[in-house]
1. Check region 102-111 and report whether any residue there is at pLDDT below 95 and either over 27 Å from Pro69 (Cα atoms) or in contact with an Asp or Glu (Cβ under 8 Å, 6 or more places away or on another chain) (or both).
2. Working only within region 184-203, note down all residues that are in contact with a Phe, Trp or Tyr (Cβ under 7 Å, 6 or more places away or on another chain) and either in contact (Cβ under 8 Å) with a residue 60 or more places away in the chain or farther than 28 Å from Phe96 by Cα (or both).
3. Please find, within region 133-149, the residue that is modelled with the lowest pLDDT out of those that are surrounded by 13 or more Cβ atoms within 10 Å (Cβ to Cβ) and charged (D, E, K, R).
4. Among the residues of region 97-132, how many are farther than 19 Å from Leu82 by Cα, buried (at least 17 other Cβ atoms within 10 Å of the Cβ) and more than 17 Å from the chain's Cα centre (by Cα)?
5. Take the residues of region 21-68 that are assigned to a loop (DSSP other than H, G, I, E, B), within 29 Å of Ala110 (Cβ to Cβ) and of a type in the set (Ser, Thr, Tyr): which is modelled with the lowest pLDDT?
6. Tyr152: at pLDDT 95 or above and of a type in the set (Ser, Thr, Tyr), yes or no?
Amino acid sequence: MYFLKALFVGFSLLVASIGYAQNSEPSPPRYLLGINELASQRFTEVWVKSDIDFKHYKRQEQFPVNQLPAYLKPKANTVSLLMAKPDSSILYKAAFLINATNDTVHIDRADATIAHIRTEVYTKGQWLTLQKDRGACCGNSYRTMSLAPKHYVLLQIDQLSGPMKVPYRIVVQVNGKDVLSEPTTVHLFPALLNLAGTEFTDP
């Protein structure tokens, strides 16, 4: 009998402690989760697509400009960022970073991604920064990539979604200077569009 009584008291205390914990530490409100998600979407990654050269057992990222799609017409003696057409997929947008000069140019990298990039949208009568790159968690991840003359790399950037269609462009730094893509469009939710041009916050 004493054992059953002690068991009942222990069970009652356990239930009470669980109820107290639930009341004292409520789950985050749904709107806070939405804010965190929006903050996260303001960071993006631009990947450099690579192919495997099985003949020479190496990974290839740079390709000669004579392998560009026929519809792309980069200007001579310039570095340009031209969007792939049609829009690549629901997962990413694609763009060709083309070095049509006679000199090697330099691009900041963070592992397999491009460093120091941003995206911009045209809203409120001006181009405003929407996203920037996530950066790398390790300083050793940063390096400089040399893009050979008359060569290009294919970039893939995270795709966005939403009901609003707005003008959009990508900005990449080459030799420390901004190279802007030709304007295209992107679909966004109004809440994310409203954050364009504002300060970045940690997700």
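1. Of all residues in region 102-111, those at pLDDT below 95 come to 108-111.
Narrowing further to those that are either over 27 Å from Pro69 (Cα atoms) or in contact with an Asp or Glu (Cβ under 8 Å, 6 or more places away or on another chain) (or both): 110.
Within region 102-111, one or more residues are at pLDDT below 95 and either over 27 Å from Pro69 (Cα atoms) or in contact with an Asp or Glu (Cβ under 8 Å, 6 or more places away or on another chain) (or both).
2. Start the filter on region 184-203 by keeping residues that are in contact with a Phe, Trp or Tyr (Cβ under 7 Å, 6 or more places away or on another chain), which leaves 184-186.
Thr184, Val186 - these are the residues of region 184-203 that are in contact with a Phe, Trp or Tyr (Cβ under 7 Å, 6 or more places away or on another chain) and either in contact (Cβ under 8 Å) with a residue 60 or more places away in the chain or farther than 28 Å from Phe96 by Cα (or both).
3. Arg134
4. Of the residues in that region, 1 qualify.
5. Among residues in region 21-68 that are assigned to a loop (DSSP other than H, G, I, E, B), within 29 Å of Ala110 (Cβ to Cβ) and of a type in the set (Ser, Thr, Tyr), the one modelled with the lowest pLDDT is Tyr57.
6. Values: at pLDDT 95 or above: yes; of a type in the set (Ser, Thr, Tyr): yes.
So Tyr152 fits the description; yes.
The values are calculated or read from the model by the stated rules, or taken from the named source; none is laboratory data. This is a predicted model, so every value here is computed, not measured. Because the Cβ atoms are built from the backbone with ideal geometry, glycine has one as well, and the counts that use them run over all protein chains shown.
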